[in-house]
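A quick write-up on the structure given underneath.
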Amino acid sequence: MPAFTRRHLGAVATALALALTVAAPAATASATPDARAGLREVMFVGNNWDGTADVIRSTGDFARIGRIDVVPDRAERMAEINADPIKWIYFQAIRNGVGEGHDQLVDDMYSTPDGTSVVVSRPSFADVVSIDLATGDIEWRFPVSGYRSDHMAVSPDGTRVAVSASTSNTVHVLDIETGDQVGSFATGDKPHENIFTRDGKYIWNMSIGEVNTALDAPWLDWTKGDRRITIVDARTYERVKVVDMRERLDAIGLGDHSDAVRPAVFSPDESKLYFQVSFFNGFFEYDVATDRITRTKTLPKNPATSEDRTTWVNDSRHHGLSMSPDGTKICVAGTMDDYATVVDRGTLQEGPLVSAAKPYWATVSGDGTHCVVSESGADRVTAIDFATGEKSVSAPVGDHPQRVRIGHVTAGWTGPSAR
């Protein structure tokens, strides 16, 4: 269990003000840099292959404010891995599979309510750590079950983080201040995305199955494992419902489509879920009340993209969704097709295809006016205006940016102190 438990006295007083959850984009986007005394709103960009997180402005030019080393304990972790043959095998498998020949050093990250720490999942090290933003020191570490950590989500009140443990089919829920586990639940194969509902009552987990095999032909889809949405009570962590998109896709005549739900985003009232699946250039609309897929949006293919599905990274074709705070626009990262686009939610008509190099994630700017995508193939983030669908600005970041999250730091913060 965690070796470090020093926390900050102001955390409880500010916890209820946090608005970081993906399930509540309107609340997140409405926060302003001076919304809470002594805190500044920022974006955290995880540079997966660097092992760093860039902290950038959440609006305007998105310029970098500071950079964090998220693997200050790298030598210690590598010594542990090299001393354990099983850990070493999994470490190498991650490097040569999902990591495309690179170590996966940061997948996801959220700041603590008081803006003094950032909590990071580190896939190759199979853990979650809290890093002090003033010193760069690790405050606590939680090793996940199995051999790889993945996507996280933060509760609406900012007190808990849920992290997927890929190889053990488990989601751990941790106290964000101490790193202590407060609950866990079982999922389908290879849990991936997590979403807290806006009221904090439920957690939705999407399992994506095996994405590193070459058995990618539609007729071999059954080899990919048990893929489903698991919905649990966020207090008891008891399962409430399981949604198998295989049945819903079959019902609309799309039996040849994968049922591996990738990035997903709720409408502001949470009546609709929009989600991407493996191998598909587009997304689906799922009506929560009627439990069925109500609309399908197919987006253009890039003619330069190979049709050999085994060449697509981790079974992705498109990977990354966000929604404007008013719920009228959906931003799509067309990963393997090298573009991003803003889609009108009412008509499902896409806007301009904005050129982007392997965009891997999409989020919403602090003022809610732009979609921000991480261009993992160009080491930059790019902002696209929700109103026009046109690119506004790009800003450089580190090597292979993936997850981008809104967060907070203390006012005047520019990076960890030099030591």
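So is Ala162 small (Gly, Ala, Ser), at pLDDT 95 or above and surrounded by fewer than 19 Cβ atoms within 10 Å (Cβ to Cβ) or not?
Answer is no for this residue.
How about region 358-367: which of its residues are in contact with an Asp or Glu (Cβ under 9 Å, 6 or more places away or on another chain) and either among the polar types (S, T, N, Q) or open to solvent by less than 10 Å² (accessible area, probe 1.4 Å) (or both)?
Those that are in contact with an Asp or Glu (Cβ under 9 Å, 6 or more places away or on another chain) and either among the polar types (S, T, N, Q) or open to solvent by less than 10 Å² (accessible area, probe 1.4 Å) (or both): Pro359, Gly366.
Looking at the structure I just gave you, is Asp127 touching a helix residue (DSSP H, G or I) at 6+ places or on another chain (Cβ under 7 Å) and modelled with pLDDT of 95 or more?
Taking the combined requirement at face value, the residue does not satisfy it.
Hey, any hits in region 105-124 for a residue that's more than 21 Å from His400 (Cβ to Cβ) and in a strand (DSSP E or B)?
yes
Which of the strands (runs of 3 or more DSSP E) found entirely inside region 1-93 contain at least 2 residues meeting this: crowded, with 21+ Cβ neighbours inside 10 Å and modelled with pLDDT of 95 or more?
Of the strands (runs of 3 or more DSSP E) lying wholly inside region 1-93, those with at least 2 residues that are crowded, with 21+ Cβ neighbours inside 10 Å and modelled with pLDDT of 95 or more span 39-47, 52-57.
Looking at Gly225, Gly253, Gly209, Gly200 in this structure, which one is of a type in the set (Gly, Ala, Ser), without any contact (Cβ under 8 Å) to a residue 40 or more places away in the chain and surrounded by 14 or more Cβ atoms within 10 Å (Cβ to Cβ)?
Gly225
Among the residues of region 113-132, are any surrounded by fewer than 24 Cβ atoms within 10 Å (Cβ to Cβ), touching an Asp or Glu at 6+ places or on another chain (Cβ under 6 Å) and either of a type in the set (S, T, N, Q) or within 26 Å of Thr414 (Cα to Cα) (or both)?
Looking for residues that are surrounded by fewer than 24 Cβ atoms within 10 Å (Cβ to Cβ), touching an Asp or Glu at 6+ places or on another chain (Cβ under 6 Å) and either of a type in the set (S, T, N, Q) or within 26 Å of Thr414 (Cα to Cα) (or both), one finds at least one in region 113-132, hence yes.
When you check Asp180 against the structure, is it surrounded by fewer than 23 Cβ atoms within 10 Å (Cβ to Cβ), closer than 13 Å to Val261 by Cα and not hydroxyl-bearing (Ser, Thr, Tyr), yes or no?
In short, no.
Confirm whether Tyr360 is within 17 Å of the chain's Cα centre (by Cα) and outside any helix (DSSP H, G or I).
It is true that Tyr360 is within 17 Å of the chain's Cα centre (by Cα) and outside any helix (DSSP H, G or I).
Working only within region 283-332, note down all residues that are in contact (Cβ under 8 Å) with a residue 60 or more places away in the chain, small (Gly, Ala, Ser) and either open to solvent by 30 Å² or more (accessible area, probe 1.4 Å) or part of a strand (DSSP E or B) (or both).
Result: Ser322, single match.
Are any residues in region 186-197 buried (at least 22 other Cβ atoms within 10 Å of the Cβ) and assigned to a strand (DSSP E or B), and if so, which ones?
Pro191, His192, Glu193, Asn194, Ile195, Phe196
Would you please name the residue that is surrounded by the fewest Cβ atoms within 10 Å (Cβ to Cβ), looking only at residues in region 343-357 that are of a type outside the set (Gly, Ala, Ser) and either assigned to a loop (DSSP other than H, G, I, E, B) or touching a Lys or Arg at 6+ places or on another chain (Cβ under 6 Å) (or both)?
So, considering only residues that are of a type outside the set (Gly, Ala, Ser) and either assigned to a loop (DSSP other than H, G, I, E, B) or touching a Lys or Arg at 6+ places or on another chain (Cβ under 6 Å) (or both), the one surrounded by the fewest Cβ atoms within 10 Å (Cβ to Cβ) is Thr347.
The values are calculated or read from the model by the stated rules, or taken from the named source; none is laboratory data. Nothing here was measured: the structure is a model prediction, and the numbers come from that model. We place every Cβ from the backbone using ideal geometry, glycine too, and count neighbours over all the protein chains shown. Only protein heavy atoms, including side chains, enter the accessible area calculation; ligands, DNA and RNA are left aside. Shrake-Rupley method; radii C 1.70, N 1.55, O 1.52, S 1.80 Å.
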